[in-house]
Structure formats: structure tokens, C-alpha cells
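Before any comments, here is the structure.
Throughout, read-outs are computed from the coordinates displayed, never taken from laboratory work. Every value quoted in this text rests on a predicted model; they were computed, and no experiment measured them. No Cβ is skipped: glycine too gets one built from the backbone with ideal geometry, and neighbour counts run over all protein chains shown.
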Amino acid sequence: MKTSFLNLKMNNPLVLASGILGLTASSMKRVVENGCGAVTTKSFNLEARKGHPNPSIVPFDHGLLNAVGLSNPGAEEAVKEISRFKEISDVPIFASVFGRTIEEYGKVAEIALKAKPHLIEVNVSCPNVRSEFGTPFGDVPEDTAEITRLVKQVAGDIPVSIKLGPHGPGIARMAKVCEENGADAITAINTAGPGMLIDINVQKPVLSNKTGGVSGPAILPIAVKSVYEVYKNVSIPIIGTGGVTYWQDAVQMILAGATLISLGTAVYYEGIEVFNKINGGLRDYMNQFGYTSIADFRGGAH
Ligand SMILES: Cc1cc2nc3c(=O)[nH]c(=O)nc-3n(C[C@H](O)[C@H](O)[C@H](O)COP(=O)(O)O)c2cc1C
């Protein structure tokens, strides 16, 4: 189960996805105690953000619809939590950053680096991060290229992963843009959509923001396909994300080409024990097929 990822050695390939239990050092520590190999912080930007009013997260049969609106305490507070986490845990921590402008991405990364996270994950794909064109920066190749260059320049030796969504001009093409501009890894995918659910009694959209990102089992096929496409097109490693709930889903991600697998919505539905459960299933699968490491079957579906 030991996994090498860039310059990191991890006990297993499972990561806590950004936006779930990643606000405080103590909540992230609790996830680690339940078998998680690395944690990602909630995305943060320069100033604290309140986010959208409730209801901002709605469960449905096959996942979650959310428009949290990137609520966060701001970069300086986030840095304190990252430092605190590093004091109480040896597990790698990934700092998730975003900006309202391209320049802000660089500034936030600079602040994040004060805590020396093991990786900077750059969120260019949240449905709530809009460029001046009204689309996420991650849907615009030029913006994504510039953000990647900027953050990598600031980050130096600290690896940078660009988190892409399934939309825009094609995730394989966008991943290539990131690789060509210095990204060390790709995180695929962010939430899909946006989508909408309507309360049939009130006869209005359920979310106060009306629309939100779709996550959980509903998006697993989109996430697996995205990882498969990205793996074909770039040689940097992939953090496969989206809809992974059971060990079988994690195996699919690895067969598609993921080096690490992150879990978000599964933590909501299955509890933090989900990490140990998936690790157990992965171990049994490897024994059954006679694999001695995850690398033995990574990309095997190609
Ligand atoms: C409530 C909620 C909040 C999220 N917040 C963030 C965030 O701050 N930054 C980010 O990059 N992704 C965020 N995400 C997206 C997840 O990290 C992940 O990419 C997505 O939910 C798909 O994975 P999953 O199906 O395992 O949840 C959020 C997802 C949910 C459900």
C-alpha cells in the first residue's frame, strides 16, 4: 500500500479531498487516524469569505449538490492550521489555494508556503471561481497556463497540482497546458455541473444559490473517464477524485491511471472509517491478483 507520489512517500494512496473536514488541524488529524494517507485543506484565498447562505449543501440519492461558495477563514488563518497539523502529524498535507484574480493565486500561494505544505493544489475549477469571462479560470487555457506558471514560480521546489474540472475545452487538453507550464501533478476532477434540484413543495430551487456542483457516486463515471483521458495525454501523476465511495471505485481510478485517490462526498455518506475500509478492499484486491504495489496495476485499463 506504500505509495510514492512525486517526492513524497505515503502509507497508502488515499487523500482527503479539499472542502471536507479540511478547515482545522484537529479535524484533519481525525481523518488521518482513520487511515488517510494525505490530507488536503479547504481551498482558501487572500481574505476570509463567508460563502453562500444556507441551504448550501443538499444530499440526494446519488451524491451531493453544493454551493458552499468557497467559505474560508483566509490565507493567514489557513497557514496557522497547516503549521499546527504538521506539529501533530507526519502525514503529508496539501494546501488548496484559489484567487479571485490571476495575480491573487500567486499571492495566496506565497502565504501558503510559509507553512511549507507538501504540495500546493491550485483550485482553478470550482464552479464558484469565475474569471472575467464568467467561467472558471480552469476552462480558459490561457488563464490556466498563466496561473500554473505563476504558482510554480512562487512554489519553487514544493510540488504544484492543478485541480481541473470535467468541463471547458476538454480536460486532457487542459492537463497538457498545465504540464507544459510547469505543473507537477493534476487533480481530476472538481465537482461536475453545475446542477440544480427543485423542492417540489416550495416549487423553488433547493440551494439558495440555485445551482451548485455535483459530487459523489453520480459523477464516478465522469471522473474515471477524465482520469483515463488525462493519463493518456500527460506524464505527470494524477490525483483521481470524484465519486469514489467503495474500494472497487478506487481500483477503477488506479486502472484509469491515478497515482493517488481522494475522497470527499464518501466521507459525508460513509463516515471517516471509509478510508480504512477502502484500504482493506484495495489490499485484498492486490492479494487476489498477486500485486505487490499499486504501481503494478496503475493505468492497467489502457
Ligand atoms: C461540500 C463540498 C465542498 C467542497 N469544497 C471544495 C473546495 O473548497 N476546493 C476544492 O478544490 N474542491 C472542493 N470540493 C470538491 C471536492 O474536493 C471534490 O473534487 C469533488 O467533490 C468530487 O469528489 P467526491 O465525489 O469524492 O466528493 C468540495 C466538495 C464538496 C461536496
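3J(HN,Hα) along region 197-210: 10, 10, 6, 6, 8, 7, 6, 9, x, 5, 6, 4, 7, 6 Hz, from the Karplus curve 6.51 cos²θ - 1.76 cosθ + 1.60 with θ = phi - 60°, whole Hz, x for Gly and Pro. The residues VAL154, VAL244, when put in order of fewest to most other Cβ atoms within 10 Å, stand as VAL154, VAL244. With a cap of 14 neighbouring Cβ atoms within 10 Å, and only residues DSSP puts in a loop, list the trypsin sites (Lys or Arg not before Pro) found in region 1-92. Sparse-neighbourhood loop trypsin sites (Lys or Arg not before Pro): LYS2, LYS50.
Charge dipole (Cα centre; +1 on Lys/Arg Cβ, -1 on Asp/Glu Cβ; no other charges) of region 101-193 amounts to roughly 220 debye.
Using Cα centres only, tell me the gap between region 15-46 and region 79-97 in whole Å. The two parts, judged by their Cα centres, are 9 Å apart.
Among TYR269, TYR285, TYR105, rank each residue by its count of other Cβ atoms within 10 Å, from fewest to most, as a rough exposure measure. Write out the running numbers ahead of the final one.
Values: TYR269 13, TYR285 16, TYR105 28.
Exposure proxy ranking, most exposed first: TYR269, TYR285, TYR105.
May I ask for the Rg/Rh ratio of the chain, computed from Cα atoms with Rh as the Kirkwood radius, given to two decimals? Before the final figure, lay out the partial values.
Values: Rg = 17.7 Å, Rh = 18.9 Å.
Using only Cα positions, Rg/Rh for the chain is 0.94.
A dipole drawn for the chain from +1 and -1 charges on Cβ atoms has a positive end, and of ILE171, SER89, TYR228 the residue lying farthest that way is SER89. Think of each Lys and Arg Cβ as +1 and each Asp and Glu Cβ as -1; about the Cα centre, that makes the dipole of the chain roughly 240 debye. In order along region 100-108, the phi-based Karplus estimate (6.51 cos²θ - 1.76 cosθ + 1.60, θ = phi - 60°) of 3J(HN,Hα) comes to 7, 10, 4, 4, 4, 4, x, 5, 5 Hz; Gly and Pro are listed as x.
Could you work out the helix-only [θ] at 222 nm for the chain, with each DSSP H run of four or more residues adding -39,500 (n - 2.57) and the total divided by the number of residues, to the nearest 500 deg cm²/dmol? Before the final figure, lay out the partial values.
On the way: 9 runs with 104 residues, N = 302.
Mean residue ellipticity at 222 nm (helix-derived): -10500 deg cm²/dmol.
For region 181-302, the relative contact order comes to 24 percent (Cα pairs under 8 Å, sequence separation of at least 6). Centre-to-centre, using Cα atoms only, region 143-168 and region 57-71 are separated by 26 Å. What residues from region 30-56 fall in the zone where the backbone N is under 19 Å from a label point 7 Å along the Cα-to-C-beta line of ASN287? Of the residues in region 30-56, 35 have backbone N under 19 Å from the label point off ASN287.
What does the charge count around THR245 come to, taking other residues whose C-beta lies under 11 Å from its C-beta (Lys +1, Arg +1, Asp -1, Glu -1)? Kindly include the intermediate steps, with their values, before the conclusion.
Working: positive: LYS277; negative: ASP249, GLU270.
Taking every other residue near THR245 into account, the sum is -1.
Given an 8 Å cut-off on Cα distances and at least 6 residues of separation, report the relative contact order of the chain as a percent. Mind dumping the intermediate values first?
Values: 718 pairs, mean separation 55.0, N = 302.
18 percent.
When the charge dipole of region 167-302 is built from unit charges on Cβ atoms (+1 for Lys and Arg, -1 for Asp and Glu) and taken about the Cα centre, the candidate among VAL206, ALA183, GLY290 whose Cα reaches farthest toward its positive end is VAL206. Measuring gaps between exposed loop sites in the chain (GluC sites (Glu not before Pro); DSSP loop; at most 16 other Cβ atoms within 10 Å), the longest gap, sites not included, is 133-272. Using the Karplus relation 6.51 cos²θ - 1.76 cosθ + 1.60 with θ = phi - 60°, the per-residue 3J(HN,Hα) values for region 277-290 come to 4, 5, 4, x, x, 5, 4, 4, 4, 5, 4, 4, 8, x Hz, with x marking Gly and Pro.
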